[in-house]
1. Consider the stretch 99-143. How many of its residues are within 16 Å of ligand 1 (Cβ to nearest atom), part of a loop (DSSP other than H, G, I, E, B) and either closer than 16 Å to residue 172 by Cβ or out of contact with any helix residue (DSSP H, G or I) (no Cβ under 8 Å at 6 or more places or on another chain) (or both)?
2. From the list 83, 52, 77, which residue is farther than 18 Å from residue 111 by Cβ and either part of a helix (DSSP H, G or I) or touching a helix residue (DSSP H, G or I) at 6+ places or on another chain (Cβ under 6 Å) (or both)?
3. Can you find, within the stretch 34-45, the residue that is modelled with the highest pLDDT among those that are more than 7 Å from ligand 1 (Cβ to nearest atom) and either exposed (fewer than 13 other Cβ atoms within 10 Å of the Cβ) or within 24 Å of residue 82 (Cα to Cα) (or both)?
4. Within the stretch 123-135, track down each residue that is under 20 Å from residue 90 (Cβ atoms) and at pLDDT below 90.
5. Name the one entry in 169, 112, 102, 178 that is at pLDDT 95 or above and over 27 Å from residue 83 (Cα atoms).
6. Going by the conditions given, is residue 61 exposed (fewer than 12 other Cβ atoms within 10 Å of the Cβ), away from ligand 2 (no atom under 12 Å from the Cβ) and either farther than 20 Å from residue 172 by Cα or modelled with pLDDT of 95 or more (or both)?
7. Of the residues that sit in the stretch 136-148 and are surrounded by 10 or more Cβ atoms within 10 Å (Cβ to Cβ) and more than 17 Å from residue 24 (Cα to Cα), which one is modelled with the highest pLDDT?
8. All but one of (1) in contact (Cβ under 8 Å) with a residue 24 or more places away in the chain; (2) away from ligand 2 (no atom under 16 Å from the Cβ); (3) assigned to a helix (DSSP H, G or I); (4) under 20 Å from residue 79 (Cβ atoms) hold for residue 163; which doesn't?
Ligand SMILES: Nc1nc2c(ncn2[C@@H]2O[C@H](COP(=O)(O)OP(=O)(O)OP(=O)(O)O)[C@@H](O)[C@H]2O)c(=O)[nH]1
Ligand SMILES: [Mg+2]
């Protein structure tokens, strides 16, 4: 028996969809959830080709992470297959790369398309990650707090007003600490 909706079963696993543009950091986030910490594991990542499903156990729970490779060529495939993607899903995480300001509008459009296809989130938890918000993020002309605030405003313009969701600043480097050697 492997019914993802059967919470009482020992086979129960929490299905999470990871959505967002290519190079946004979805597979890296997946590796973090899996407990992988070695930075070399993140440098050698290849773009995810279409849908890849990863199952693992962490913190005494079973997870099935559906990692939707973000290249544009796959977007319509996901939209057409949305019912299958949503079946049994407990959580959706939409990932924005905050460092890729040139593609904010593209990422917003993809979110818009997805929201339209999903229609009803029912009991699905919805989170948005403002990812690559590294602790040592350097701001410049192309990227500063007000540009990120602009992105947040655009996100709010796409999400239906009555939908409950959470917004997080995330980074795979967030737990990395450095101290100056005297
Ligand atoms: N600076 C920074 N880079 C990150 C972070 N997370 C991931 N990256 C880098 O971003 C690049 C892309 O990461 P992936 O996890 O492959 O991105 P993806 O969203 O899975 O991309 P697709 O599979 O093409 O959809 C890699 O070089 C990662 O090392 C982060 O928090 N900060
Ligand atoms: Mg990937």
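1. Matching residues across the stretch 99-143 total 10.
2. Numbers: 52 fails: either part of a helix (DSSP H, G or I) or touching a helix residue (DSSP H, G or I) at 6+ places or on another chain (Cβ under 6 Å) (or both); 77 fails: farther than 18 Å from residue 111 by Cβ.
Of the residues listed, the single one that is farther than 18 Å from residue 111 by Cβ and either part of a helix (DSSP H, G or I) or touching a helix residue (DSSP H, G or I) at 6+ places or on another chain (Cβ under 6 Å) (or both) is 83.
3. Initially, the stretch 34-45 is screened for residues more than 7 Å from ligand 1 (Cβ to nearest atom), giving 34-41, 44.
Add one more test, that the residue is either exposed (fewer than 13 other Cβ atoms within 10 Å of the Cβ) or within 24 Å of residue 82 (Cα to Cα) (or both), and what stays is 35, 37-40, 44.
Working: 35: 83, 37: 73, 38: 73, 39: 71, 40: 76, 44: 80.
If we take residues in the stretch 34-45 being more than 7 Å from ligand 1 (Cβ to nearest atom) and either exposed (fewer than 13 other Cβ atoms within 10 Å of the Cβ) or within 24 Å of residue 82 (Cα to Cα) (or both), then 35 is modelled with the highest pLDDT.
4. 123
5. Working: 169 fails: at pLDDT 95 or above; 112 fails: over 27 Å from residue 83 (Cα atoms); 178 fails: at pLDDT 95 or above.
The match here is 102.
6. Details: exposed (fewer than 12 other Cβ atoms within 10 Å of the Cβ): yes; away from ligand 2 (no atom under 12 Å from the Cβ): yes; either farther than 20 Å from residue 172 by Cα or modelled with pLDDT of 95 or more (or both): yes.
Criteria met by residue 61.
7. From the stretch 136-148, those surrounded by 10 or more Cβ atoms within 10 Å (Cβ to Cβ) are 137, 139, 142-144, 147-148; that's our starting set.
Keeping just the survivors that are more than 17 Å from residue 24 (Cα to Cα) gives 139, 142, 144, 147.
On the way: 139: 86, 142: 83, 144: 91, 147: 95.
Within the stretch 136-148, the match that is modelled with the highest pLDDT is 147.
8. If we test residue 163 against (1) in contact (Cβ under 8 Å) with a residue 24 or more places away in the chain; (2) away from ligand 2 (no atom under 16 Å from the Cβ); (3) assigned to a helix (DSSP H, G or I); (4) under 20 Å from residue 79 (Cβ atoms), just (3) comes out false.
The values are calculated or read from the model by the stated rules, or taken from the named source; none is laboratory data. Source: prediction; values computed, not measured. Cβ atoms come from the backbone with ideal geometry, glycine included; neighbour counts cover every protein chain shown.
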